[in-house]
Amino acid sequence: MQKNKRDIGNHHTGAPLRRTLLSLTLAAALTACGGGGQALVDGGTTTTGDFTISTHELASRAKAARTPGTAGVAVAAGSKLATQFGAAGPDLNRVRYTRYGLAANAGKPVDAVLVAMPGTLAASHSYLILAENLVRRMWADHQAVVEVWGVDRRSVALQDMEGLQIAERERDAALGLNFLYGGELGLPLPAKLTRRAVFHESREIPFLADWTPQVHSLDLDAVVTAAHTVARDGNVFLGGHSAGTGFVARYAATDFNLTGSGPAQPGYTKLKGLVLFEGPGGALATSAPTAAQLDAVVRAADGGLYAAVASGAEPGFVSRPGLTPRVSASTEIAGMQMAFEGTINGTQALLQADQGGVAGNNVYNRVADFTKRDFPVTAGAAIGTFMDDDNLQRTVFYSVSMGALGPARADGLRTWLDNTDPLPATAYRDFGPQPATLVANPPAWGKEVEPTNLKRLSRALYLGNTTYSDWYYPSSGLLLANAEGSGGANLGLDTSALSLPASQGGRGRADIVNQTQARKIDIPVIAFGGTNGLTPVAGIWRGFAEAIAPCAAPSCKAGMARTPAGQPTLVANRQYGGVEGGFEVHMSEGYSHVDIVTADDDATNNVIRPLAAFLQRNASAGAGK
C-alpha cells in the first residue's frame, strides 16, 4: 500500500528522537486584564473565505524588571496605563501569536507549524498573505496540514485597539478614526465609544529598555513550546522577516538553561529548521569584547539603559516623523475603509477627508507627523503613496511593490492601480545586472515586478484580534549587547564572554544574555531575498552560514559545507551548500523588501514553492534525501 503523503511527521524506524515534546496547557479563552480595562485577546476564530485566523496569548518565563506584571511593579493611578488597562494595570510579561490555517483542515492533526517573527514595526498580520499561500500550497502539493503562527512581540499589548475592534465589529471605519484622532479633530465622542485611544510616549514606558533580546527569546520559547503541543513529531520551524531574522538567530543560539550548571537547553534543538525572509540572521563578532565593553553591558543591563530611556537620552521604541505610533495606527483605518467599501478606490481617504464639516479639519492637517498628499486620494492611493516602493529611490523596511498611482477620477480623487490593473512602464524599473561584489548597502538589481495585491493585503491592516503594525517596536532593549554606543559591545551571536560562569572565562551573567550555542546550530536553513529588497544578493548570508555548525539533519549529506570554501569573501552571488549542505538561498527578481511575505503565489514568486518543499523535506525525517 502506498504511503499517504500526509505521513509528513513520521520518523523512520530507529531514527533518533532529537527533540522532546513539551507539554503545555493552553487556555481556551483569556479574560480582561484589570478592572474594566482593555480586554486581552480571547482566542476567538475569524473565518475569511477558506481560511481561519485565531489569536492567543501566553505567559512568558521572562519577568522583566520594572515591567507591569512583574512582582512588585505597580501602575501609577491616573497614568495612561491605568486608563488603558484599568487600575490594576496590565501583565506585559506575555506574548501573543496568531494561528493561520485552512478552514477545511480544522480539527485534523497538524503536520507542521511555522512560527514566524515579524520585523521592525511589523506585527503578526504581516504574515497573513504568506500564511494563506503556504498552507494552501502545502495541502495542494503535499496533502500536508500546516499552520503558520505569526508572533506579536509583547509591545503589541500596549497598542490601544479597543475602539478599533468596536469599529471593525460595527463595520464603521469612521468610528475607528474618531477613537484614534477625534480629540485632535474636535469631534464629539460617539455613544459606542467609552473613551478615546491612549498613545504612549517613550519616557512614559521606560520599561521597554528591559525587553532585551533574551526576554524576546524567552517569549518566543513560549510560542515554540505551544507549537510542540500541536505539531506532529516535533515538526516546528522558526522563521523571521527582516529584523525578525535576528530574533530567529538569537533564539537558535540561546541556551535556555540559565543556571550556569547542568546540560545546555539550546533553542535550535526544539526546531526542525530556520527560515530567513529578507534578513541576514546574525553573525559572530569579528573581535573579542574588551573588559570595558563587558562592564558597559552589565551597567546597561542593571538599570543604565532603563535610566537612559526614562530621561529621554535613548528612545524606548522606534519613532520618527511619518512613523510614530499615531501614524502606524492609521493603517487600521485605511484597511477598514477599503474592506467595508469593497474596493481600494471608493470615497476619499478618511485620513484626508474633512471632519465635522470644517474645511481642513482632517488627520493629515491636524495630527502631527502625518505626510500630507498634494492631491485628493482614495484610501488605496493613501496607502500606495506611502508604502509602494516606487515612491523611493531605494527600498526601505516598509516598501511593497503593489501597483502604481492612477489617474484622477471625475470627482478629482487620485486612484490606485492594483497589480491586477494595466500598469505604466514606470512601475517596472530595470535596475540592471547583479553586482559582482558585496558592499555595505548592496544596490538593487534585476527588473522590478509588482507581485503584491493591495486589495488582498488591505485585510491584513485591521482584521481580527491582531494587526499589521507594531506601534511600539521596542528598539531600546534590543541594543543591549548589540550596539556599542548604548549596550557596551557588539557581541554578535556568541555571548560566552559575558554569559559563561567565571570558572569558564565569562562574567557569569547568563541572566542578561546566554547565546552560547551558535557554533552548534546543526539544523537546515533556508533564506529568501528580493533583488530590490534589503537582502538583494546571496552574499549577505555568509556571516550566518559561517557562524553555525554543519547540517546534521536527515535531509543533509554528511560532510557538506554550509557554504563551500574557495569563494572570494565579498562575492555577491555566493554559492551555498543547498539542500545537501543544509543552507539554501532563493532570490525573487524585482521583489521589494516586504514583497517576500506579501506577494501573490504566482510565477514570479520564488518563496512559496521552495519553502513548501523545505518544510515537507525536513518534517518528514529525511523524505527526498
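Read-outs: derived from the displayed coordinates by stated rules, not from any lab. Being a predicted model, the structure only gives us computed values, none of them experimental. Counting neighbours? That spans all protein chains shown, and the Cβs are built from the backbone with ideal geometry, glycine included.
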Practice task
Take every Cα-Cα distance within the stretch 170-240, group them into 10 Å bins from 0 onward, and report for each bin the whole-number percent of pairs it holds.
Solution key: 15, 24, 17, 29, 13, 1
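Can you list the equivalent-ellipsoid semi-axes of the stretch 320-362, largest first and in whole Å, using the square root of 5 times each Cα gyration tensor eigenvalue? Write out the running numbers ahead of the final one.
Details: eigenvalues 70, 58, 10 Å².
Whole-Å semi-axes of the equivalent ellipsoid: 19, 17, 7.
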Fill in the blank from the handout: The convex hull of the Cα atoms of the stretch 516-604, divided by residue count, gives a volume in Å³ per residue of 115
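Could you tell me what a quarter of the Cα convex hull surface of the stretch 156-302 works out to, in nm² with one decimal place?
Numbers: hull surface 56.8 nm².
Averaged projected hull area, Cα only: 14.2 nm².
Among 504-514, 407-417, how do they line up from the highest to the lowest mean number of other beta-carbon atoms within 10 Å?
Working: 504-514: 18.6, 407-417: 15.2.
Descending mean neighbour count gives 504-514, 407-417.
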Practice task
Scan around Ala243 for amide H atoms under 5 Å from its own, H built in the peptide plane at 1.01 Å from N, and keep only partners 5 or more places away or cross-chain.
Solution key: Thr120
Completion exercise
Each label sits 7 Å from Cα toward the beta-carbon; between Ala292 and Arg169 the label points are separated, in nm, by 5.8
Exercise for the section: Report the Stokes-Einstein translational diffusion coefficient (µm² s⁻¹, integer) for the stretch 244-365, Rh taken as the Kirkwood radius over Cα pairs, at 10 °C with viscosity 1.306 mPa s. Expected result: 79
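Estimate the FRET efficiency between Asp602 and Asp511 by the formula 1/(1 + (r/R0)^6), using the beta-carbon distance for r and 45 Å for R0, to the nearest 0.05.
E between Asp602 and Asp511, to the nearest 0.05, is 0.40.
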Completion exercise
Quick shape summary for the stretch 368-410, equivalent ellipsoid via Cα gyration tensor, semi-axes whole Å in descending order, reads 19, 14, 8
Practice task
Pop the C-beta distance of Ala410 and Thr194 into the FRET formula with R0 = 35 Å and round what comes out to the nearest 0.05.
Solution key: 0.30
Practice task
Once you have the Kirkwood Rh of the stretch 462-531 from its Cα pairs, apply Stokes-Einstein at 37 °C and 0.692 mPa s and quote D in µm²/s.
Solution key: 218
Practice task
Taking 7 Å along the Cα-to-C-beta vector as the label spot, tell me the Thr347-Ala549 distance in nanometres, rounded to one decimal.
Solution key: 6.2
Handout entry: Computed over the stretch 248-288, Cα set: Rg, Dmax in Å
Key = 12.4, 37
Problem - Sorted peptide list for 291-302, 125-136, 603-614, criterion being average Cβ within 10 angstrom, highest first - result: 125-136, 603-614, 291-302
Practice task
Would you mind listing how long the stretch 67-135 runs along its three principal axes, going by Cα atoms, in whole Å with the largest first?
Solution key: 47, 27, 18
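Please compute the Kirkwood hydrodynamic radius over the stretch 391-458, one decimal place, Å, based on all pairs of different Cα atoms.
It works out to 13.9 Å.
Report, as a whole number in µm² per second, the diffusion coefficient that Stokes-Einstein gives for the stretch 353-436 at 37 °C and 0.692 mPa s using the Kirkwood radius over alpha carbon pairs.
Details: Rh = 14.7 Å.
Here the translational diffusion coefficient equals 224 µm²/s.
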Problem - Nearest-0.05 FRET efficiency for Ser261 and Tyr428, computed from C-beta distance (R0 45 Å) - result: 0.15
Practice task
Sort the following peptides by mean Cβ neighbour count (other Cβ atoms within 10 Å, averaged over residues), highest first: 114-120, 559-565, 570-576.
Solution key: 114-120, 570-576, 559-565
Fill in the blank from the handout: Options [x] 28.1; [y] 25.0; [z] 30.6 for Kirkwood radius over Cα pairs in Å; the value derived from the coordinates is listed as [y]
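Compute and list, largest first, the equivalent-ellipsoid semi-axes of the stretch 416-530 from the alpha carbon gyration tensor, each √(5λ) rounded to a whole angstrom.
Numbers: eigenvalues 345, 99, 41 Å².
Listed largest to smallest, the semi-axes of the stretch 416-530 are 42, 22, 14 Å.
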